[in-house]
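See structure below.
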Amino acid sequence: MTLRENCVIALLLGVLYLFAASPTSAQSARPAADGAGINVTADKLSSGNGAAKIEASGNVEIKRDLTTLRADEVRVDRGTQDVEAKGRVSVDDPDWKIKSADSVQLNLGKETGEIQNGSLFIEQGHISIMGRRFQKFSGQVYHVDDGFFTTCLCESGAPPWKVSAGQMDLSADGLGIIKNGYFYILDVPVFYLPYGFFPLKTERQSGFLFPKFGLSTKEGYRFQQPFFWAISKSTDVTLAFDIQTRARVGAIGELRTIFNRDSDFQFHSSFFNETFRNQADESIIDRTIADQRIPQNRWSVVATHRYLTTADWLTYSDVAAFRDDLFARELIDRFDLPGTKEADIKRSRFSESRFGVFRAWSDMFVKGEWKFYQDFIQPDPTTLQRTPQVAFWGRRFLSGFPLEFRWRTEAMNYLRREGGDGLRFDLRPEVVLPFKTASYLFGALSVAPRQTIYHLYSPVKSSDRNLARPMVEMRGNIGTSLSRVFAWNGLGLAAIKHVIEPELSYLFVPHVDQSKIPIMDNNDRIRRRNVLTLALANRFWGRPVRTLAAPADDKNTELLNPAGLGGVSEMGRVRLALSYDIDKERKGGDSLSDLDISIKLTPLSYLNLGLEGGVDPGPWQVSQARASFAISDPRLRRQTLDPDFNRPNSFGVGYQFLRQSSLGFLSEDANANLDDPATPAYCATHSVDPRCAGFSRNIIGSVGTNIIYHATDNILLFLTSSYDAREGRFLGVRGATKFLSTCECWSITFRVGHDINPAKTTFNFDFNLLGMGSAKSTLR
């Protein structure tokens, strides 16, 4: 249970204090001491002893702002500061309610009081509390006799669950103590609590969270029991015991803390022992991975921190380290991650860890960083580490000249256990001349000399350890922007603005001999370029029809165009780009690049369409494509404590395609080696090698879908899948059905998933008592 720090009785105390602070007349309104209005209606209203005592009886109703008190009788004694309400007492407020009470007695001076046979409700958390007697003592200390609480919103009948107590002692700055209590399912007591306690210091509370259950065809039954520890207002820990009967036993720990608004730290760690696992090698489908071993002891460390110093220097770190290369693919679902992030980690080819400092000014920044990689595909000794790296970037307009000076300087140290490595210093100053020859014609010219210096370590020859690569980059571009506004009457729009932005750019880079320079990243090989690029962008903007706002006091009318949401918005953009290589044209080669296409359409706030791709203008073949379509239900849904039931109906589908190229097969099998003979044993592992029989021309051809559908107000369906159209098989499928109780106080999720790498089918079960802890999504 989550009790607010001032509890409901303290709220009632404040409301009645405001009511009693200023005497009023029957069926009249008079400003209170703080200027707020109080309306009192009653069949009879009287005062005595110089207005020191006020009595109202017969259908008493007292309104102040959005709070209303009703009772048969209300008495106020200004001398003793006693307030008493009797007979069918109720208090209605947007955030809390006294649904019913026989009587309420309070002393405003001592801040003590009592409620007899009360039923209270707190909107945030859907908490209902009933008790024979509520007592408030000095300070934030309360006592409840013969009470119970629940988060169920049942209109009639017994709630699905509730907790009762013969006595409850509550302290807003301490503990809640339950004596002689029971946990009920419906009206049946199923668990006896002779004595229990829970903290009331913050909304986050220490205690055991509901366990998770699951079943896997490969790994057996799964049980996970998490424990949450709220150390302080800014620090908490989650510890979990995890066991799978045919695979492993382990533990998971998460530490989170916030130092201030701009600084935080998170640490996630896990350890698993694969003591129950047999024939783990059979689970591996992808044999192109260099290290396919699954060790008996497996661990992971994932951490992040951001800390901003008083001098505005930002220190940061992001750590992701795993004991083996299959850990992230197989066990990342142990952590509570969003479904999209979990899928991205499972598909990752490597993990990245970095540590650094960063400082930005208005027009420049400096960064120092250490970066390490863990390769999940290729052998770890050949992985190139970038540590450390120092970068200094900036730009500044020259005083008295229409020129802009830019600079980019980087110094980097490359390390790896096997192969070449060394230092690289890259200096790239640039002078830019922006121009605007007419109101619709603008562009820029730039020249960037560049010097890259290398100092290589062994095993290179001593004469080749110090190398340099001088070059220059020259760029120019010119463009314009034309627009027109069209009147429109449809789709809730008053006007549409169409913007056309053609642009012509040129890039020249002379040839430089780079044969002796090692390849550490894409900056180490820059080819000669003599290229013209023509781009054409179309943008569409929409302005909605202005609607009249409903009166502020009309609670039953929803604003069609709330303030702040009716501005102009982009409805779509279409961009085409094509490059012409002058050097290739001179040599009689293919001078045209792929036609680059980028389309994004959002004609409605709940509809999104996208297409990105390239078309080879020679044979007019699609070389690559990525298409997406997403639609969601724009209607507002009723709010519940379960976050998944607050999500709208939605459907999304995406398609990815990449045509084969001369070296494209390496994107699927980075360990293919053309120096090895294409024997049957080799092709069994490296089937995408072009020399192997059955080689497929295309690299990627996959379809992904994501569906969320509310079958009823209390049944939610979820499906996400990835299908390999080239191989004709599903790469991964996730499905779930979630049930929300009619009283909205518990939910059950049944999930099923199938993966191919490692190959397994899993079933999971999640049960949540809503309002008893932090609600989070169970659909992933």
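The values are calculated or read from the model by the stated rules, or taken from the named source; none is laboratory data. Because the structure is a prediction, the values reported are computed rather than measured. Counting neighbours? That spans all protein chains shown, and the Cβs are built from the backbone with ideal geometry, glycine included. To get the accessible areas, we keep the full protein, side chains included, count just its heavy atoms, and leave off ligands, DNA and RNA. Shrake-Rupley method; radii C 1.70, N 1.55, O 1.52, S 1.80 Å.
Going down the table (Lys341/Lys600; Lys212/Lys760; Lys44/Lys86; Lys461/Lys584; Lys461/Lys587), which pairs top 26 Å between alpha carbons? Write out the running numbers ahead of the final one.
Working: Lys341/Lys600 23 Å; Lys212/Lys760 19 Å; Lys44/Lys86 15 Å; Lys461/Lys584 36 Å; Lys461/Lys587 37 Å.
In this structure, Lys461/Lys584; Lys461/Lys587 lie more than 26 Å apart at Cα.
What FRET efficiency, computed as 1/(1 + (r/R0)^6) with R0 = 45 Å and r the Cβ-Cβ distance, is obtained for Arg528 and Val249, rounded to the nearest 0.05? With a Förster radius of 45 Å, E is 0.15. Length gained on full extension, His754 to Arg88: 234.0 nm, using 0.36 nm per residue less the C-alpha separation.
For a quick protection proxy, order the peptides 240-249, 323-332 by their average other-Cβ count within 10 Å, most packed first. Display every interim value, and only then the final one.
Numbers: 240-249: 18.5, 323-332: 20.7.
Averaged packing, sorted descending, gives the order 323-332, 240-249.
Ignoring ligands, DNA and RNA, what percent of the 1.4 Å accessible area of the stretch 329-372 is carbon and sulfur? It is 60 percent, rounded to a whole number.
Distances between placed amide hydrogens fall under 5 Å for Arg416 paired with Gln385, all partners being 5 or more residues away or on another chain. How would the stretch 213-357 be classified by its alpha-carbon gyration tensor: rounded, prolate or oblate, with rounded meaning a/c under 1.5 and the a/b versus b/c comparison settling the rest? Oblate is the answer for the stretch 213-357, as a/c is 1.5 or above yet b/c matches or exceeds a/b. Overall, the ratio between the Cα radius of gyration of the chain and 2.2 N^0.38 Å, rounded to two decimals, is 1.25.
Normalising by the residue count of the chain, find the relative contact order in percent from Cα pairs under 8 Å and 6+ residues apart.
Details: 1925 pairs, mean separation 49.4, N = 780.
After rounding, I find 6 percent.
Remark: relative contact order (the stretch 360-494) = 16 percent; criterion is Cα-Cα distance under 8 angstrom and separation of 6 or more residues. The modelled label-to-label distance for the pair Leu636/Glu404, using points 7 Å beyond Cα in the direction of Cβ, is 4.4 nm.
Straightening the chain between Leu491 and Thr437 buys 15.5 nm, computed as 0.36 nm per residue apart minus the Cα-Cα spacing.
Using the alpha-carbon centroid of each, what span in Å lies between the stretch 650-721 and the stretch 264-323? Centre-to-centre (Cα) distance: 25 Å. Here the stretch 416-507 exposes an accessible surface that is 63 percent carbon and sulfur, computed with a 1.4 Å probe and the other protein chains kept in place. Element breakdown for the stretch 681-758 at a 1.4 angstrom probe: carbon and sulfur atoms account for 61% of the accessible area.
Gain on full extension, evaluated as 0.36 nm per residue between Ala711 and Asp676 minus their Cα-Cα distance, stands at 7.0 nm.
Here's the picture: charge each Lys and Arg Cβ at +1 and each Asp and Glu Cβ at -1 in the chain, and of Leu504, Ile631, Val545 the one pushed furthest to the positive end of that dipole is Leu504.
With a cut-off of 13 Å, note down the residues of the stretch 671-685 whose backbone N falls inside the zone around a label point 7 Å from the Cα of Arg349 toward its beta carbon. Within reach of a label on Arg349: 671-672. Look at where the Cα atoms of the stretch 344-398 and of the stretch 729-763 average out, and the two centres are 37 Å apart.
Note on Cys154 and Gln225: the model spin-label points, each 7 Å out from Cα along the C-beta direction, lie 2.9 nm apart. What angle, in degrees between 0 and 90 and rounded to the nearest 10, separates the Cα long axis of helix 7-20 from the longest principal axis of the Cα atoms of the chain? The helix 7-20 is inclined about 60 degrees to the chain.
Spin-label pair Ile453-Glu123: with each label point 7 Å from Cα along the Cα-Cβ axis, the two points sit 6.7 nm from one another.
Taken per residue, the accessible surface of the chain reaches 54 Å², heavy atoms only and a 1.4 Å probe.
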